[in-house]
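Notes follow once the structure below has been shown.
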Amino acid sequence: MSSEYEPLHSMASEFFAKRAVPRRSQWCEQGRIDREFWTSAGELGLLCCAIPEQYGGGGATIAHDFAVLDAFVEAGLSPASLQVHSIVVPHYLLAYAPEGQRQRWLPALASGGAVAAIAMTEPDTGSDLKAIRTRARPCAGGYAISGAKTFITNGSSADLLIVAAATEPGRGARGLSLFLVDTRQVTGFTVARVLDKIGHHDSDTAELVFQDMVVSEDCLLGQPGQGWQMLMGQLSQERLSVAVAAASAMKRAIRLTVDYANARKAFGQCLIDHQHVRFELAECATIERVAGVFLGDCVERLVARSLDSTTAAMAKWWFSEMECQVVDRCLQLFGGYGYMKEYPIADQYLNARAQKIYGGTNEVMKEIIGRTLRQ
Ligand SMILES: Cc1cc2nc3c(=O)[nH]c(=O)nc-3n(C[C@H](O)[C@H](O)[C@H](O)COP(=O)(O)OP(=O)(O)OC[C@H]3O[C@@H](n4cnc5c(N)ncnc54)[C@H](O)[C@@H]3O)c2cc1C
């Protein structure tokens, strides 16, 4: 991380240490982040850093949002809620929403007064987004949306939901559209279930049902049938944020394990004095260092708007894979303690696993990369 981001990073770290870490076990019990956290993070300018000031954002770059995300993960918090709220949803609004909707929502997201989510995945389809069955039918004054979504981060706490729905079923990608839904105002919106996950306990993941949920015409993002294009335009940023979270998680796992290996004794010496332990940590630290260079390059390209979808896919699969490998190796060095919930490395192990699944599975990432290699 360059010195440009350090003041923001250290302010974020201090804030998360004081206002999030002590609340985390409560968040895990209730399965969601407190409202108060969002508003106090907003007050401090830690949300939506890359959104222009005229819309209440920080007027900075996405790299600033990544610095905040890095501090969040380093504090031991799972990344998805913050990613979706600050790094994903506001950019759909900025790029595609009518001006009235931008003015309505962006200041609310940046201040933490409203929480955001995006609903693409359905019970019957995730990777194959073109097959989604949620339907949006034109009706008097707008669209009536019916269908179901699952695994939606912030799903039960979101005030603003972006919903992917078919406006012309049977046309695949060309029949897909995106809608803004104010969950506080619509009828026909139900949180069917808050899902019980193996990790990410501090983050809310829900199943949602829409029954003739009517939204006005200006809730459509872009034009009917442009949903796929918009998703493809935004997914690289989301995928790179997964890589950023993975890099932060590796850093944290190595730091925790180095401390442990220097303190824990076995066979009359510290763990770190055993060559195998040093070699394990040496390899993990090298992966982390190499990863930092690749990540820096990707972030620079994203800020310069030149990050291509293939490189973003490479970053998403490789970083999440490395995170799982590094965290697993670190957990092993904790011995039995690594398997105990009270040890943060155990949490990291469970959180890491989701990173290979969301934002597009790693198999889908390899498909995207592999396609470019066919002659
Ligand atoms: C914690 C968490 C948070 C999430 N948050 C959100 C969210 O906020 N919004 C949202 O919309 N979704 C969210 N998701 C859903 C996530 O994006 C999907 O789970 C993911 O895209 C995979 O879809 P699926 O679960 O339907 O799996 P499927 O698509 O059914 O895939 C099952 C398996 O088959 C493999 N597979 C599928 N197609 C191919 C292929 N063509 N080639 C090779 N292998 C293939 C997959 O890689 C996977 O291993 C979240 C998921 C989790 C776990």
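The values are calculated or read from the model by the stated rules, or taken from the named source; none is laboratory data. This is a predicted model, so every value here is computed, not measured. As a convention, Cβ positions derive from the backbone with ideal geometry for all residues, glycine included, and neighbour counts pool all protein chains shown. Areas reflect the complete protein model, heavy atoms only, side chains present, ligands, DNA and RNA absent. Shrake-Rupley method; radii C 1.70, N 1.55, O 1.52, S 1.80 Å.
Once you put a point 7 Å from the Cα of Arg374 and another 7 Å from the Cα of Gln211, both along the Cβ direction, what distance in nm separates them?
4.4
Stretched out fully, how many nm does the piece from Ser146 to Val290 gain, at 0.36 nm a residue minus the Cα gap?
Length gained, Ser146 through Val290: 47.2 nm.
If I take every Cα pair under 8 Å that is 6 or more residues apart in the range 1-88, average their sequence separation and divide by the length, what percent do I get for the relative contact order?
It rounds to 32 percent for the range 1-88.
Count charges around Gln237 for me, please; just the other residues with Cβ under 15 Å from its Cβ, Lys/Arg as +1, Asp/Glu as -1.
Here the count lands on 0.
How much FRET efficiency would the formula 1/(1 + (r/R0)^6) give for Arg184 and Met232, where r is the Cβ-Cβ distance and R0 is 35 Å, rounded to 0.05?
My answer for the efficiency is 0.70.
What is the chain's relative contact order, in percent, from Cα pairs under 8 angstrom and six or more apart in sequence?
Numbers: 681 pairs, mean separation 56.6, N = 375.
Once normalised by length, the contact order is 15 percent.
For the pair Ser3 and Cys28, what calculated FRET efficiency results from E = 1/(1 + (r/R0)^6), where r is the Cβ-Cβ distance and R0 = 56 Å, to the nearest 0.05?
Calculated value: 0.95.
Helix-only estimate, please: 222 nm mean residue ellipticity of the chain, summing -39500 (n - 2.57) across DSSP H runs of length 4 or more and dividing by its residues, to the nearest 500.
Rounded to the nearest 500, the figure is -15500 deg cm²/dmol.
When a/c reaches 1.5 or more, the comparison of a/b and b/c decides; with that in mind, is the range 255-309 rounded, prolate or oblate per its Cα gyration tensor?
Note, shape of the range 255-309 comes out prolate.
What does the charge add up to near Ala75, with Lys and Arg as +1, Asp and Glu as -1, over the other residues with Cβ less than 14 Å from its Cβ?
Net charge in that neighbourhood comes out at +2.
Order 100-108, 347-355, 20-28 from most to least packed using the mean count of other Cβ atoms within 10 Å.
Values: 100-108: 18.1, 347-355: 22.3, 20-28: 15.2.
Listed from highest to lowest mean packing, they are 347-355, 100-108, 20-28.
Starting with the highest mean, order 46-55, 157-166, 331-340, 266-275 by the number of other Cβ atoms within 10 Å, averaged over the residues of each peptide.
In descending order of packing, they fall as 157-166, 46-55, 331-340, 266-275.
Quick check: from the Cα gyration tensor, does the chain come out rounded (a/c under 1.5), prolate or oblate?
prolate
Hey, can you grab everything whose amide H is under 5 Å from the amide H of Ala192? Only 5+ residues off in sequence or another chain; H modelled, so Pro and N-termini drop out.
Long-range HN contacts for Ala192: Glu207, Leu208, Val209.
Considering only protein heavy atoms and a 1.4 Å probe, what is the carbon-and-sulfur percentage of the accessible area of the chain?
On the way: 8560 of 16730 Å².
Of the solvent-accessible surface of the chain, carbon and sulfur hold 51 percent.
Restricting to lysines 8 or more places apart or on different chains, can you count the pairs in the chain with Cα atoms under 15 Å from each other?
Total qualifying Lys-Lys pairs in the chain comes to 6.
To the nearest 0.05, how large is the calculated FRET efficiency for Phe267 and Leu350 if R₀ is 30 Å and r is the Cβ-Cβ distance?
With a Förster radius of 30 Å, E is 0.50.
Under 17 Å from a point 7 Å along the Cα-to-Cβ line of Leu195: which residues of the range 148-164 have their amide N that close?
In the range 148-164, the label zone of Leu195 (backbone N under 17 Å from the point 7 Å along Cα→Cβ) covers 148-158, 162-164.
With a cut-off of 8 Å between alpha carbons and a minimum separation of six or more residues, what is the relative contact order of the range 256-339 in percent?
Rounded, it is 32 percent for the range 256-339.
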